[in-house]
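Throughout, read-outs are computed from the coordinates displayed, never taken from laboratory work. It should be emphasised that the depicted structure is a prediction, and the values quoted were computed from it without experimental measurement. Quick reminder, even Gly has a Cβ in these numbers, built from the backbone with ideal geometry, and neighbours come from all protein chains shown.
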Amino acid sequence: MELFIKEQNNKGFAMAREKGKRAGIMTYSIPHSDFIIIDHTEVEPEYKGKSVGKKLLYKIVEMAREKNIKILPLCPFANAMFKKINDIQDVLKK
């Protein structure tokens, strides 16, 4: 599965693709230079239950660590994952 991030005009997204087809997307806003807000996660029906959302979240967490920024998870899925997974807490905006 291919995962990548794109940013433009204070918005960004992580996308998962498999064989050229979109498997899922996680969008975020960039309100400030030191944090982002994850606002939406969407996984295509045929990829449900295959950890696509979690892979997208880890891709954004990896990017946040590289840029030394924090994440505010307003998206219900991302918020629930931050509560469950201890090893990503370092990038959580408190």
Taking the chain as a Gaussian network, where each spring joins two C-alpha atoms under 10 Å apart, which residue of Pro76, Pro31, Pro45 fluctuates the most? Pro45
Mind checking which of Ile60, Ile30, Ile71 has the largest fluctuation in a GNM of the chain, springs on alpha carbons under 10 Å? Ile30
Calculate the FRET efficiency for Lys94 and Arg17 from the Cβ-Cβ distance with a Förster distance of 30 Å, rounded to the nearest 0.05. 0.35
Between Ile30 and Asp87, 0.36 nm times their residue separation minus their Cα-Cα distance comes to what? 18.2 nm
Could you give me the percent of Cα pairs per 10 Å distance bin for the chain, shortest bin first, beginning at zero and ending with the bin that holds the maximum distance? 17, 54, 26, 3
Filter on Lys21/Lys70; Lys6/Lys94; Lys6/Lys48; Lys11/Lys94 - keep pairs with C-alpha separation over 28 Å: Lys21/Lys70
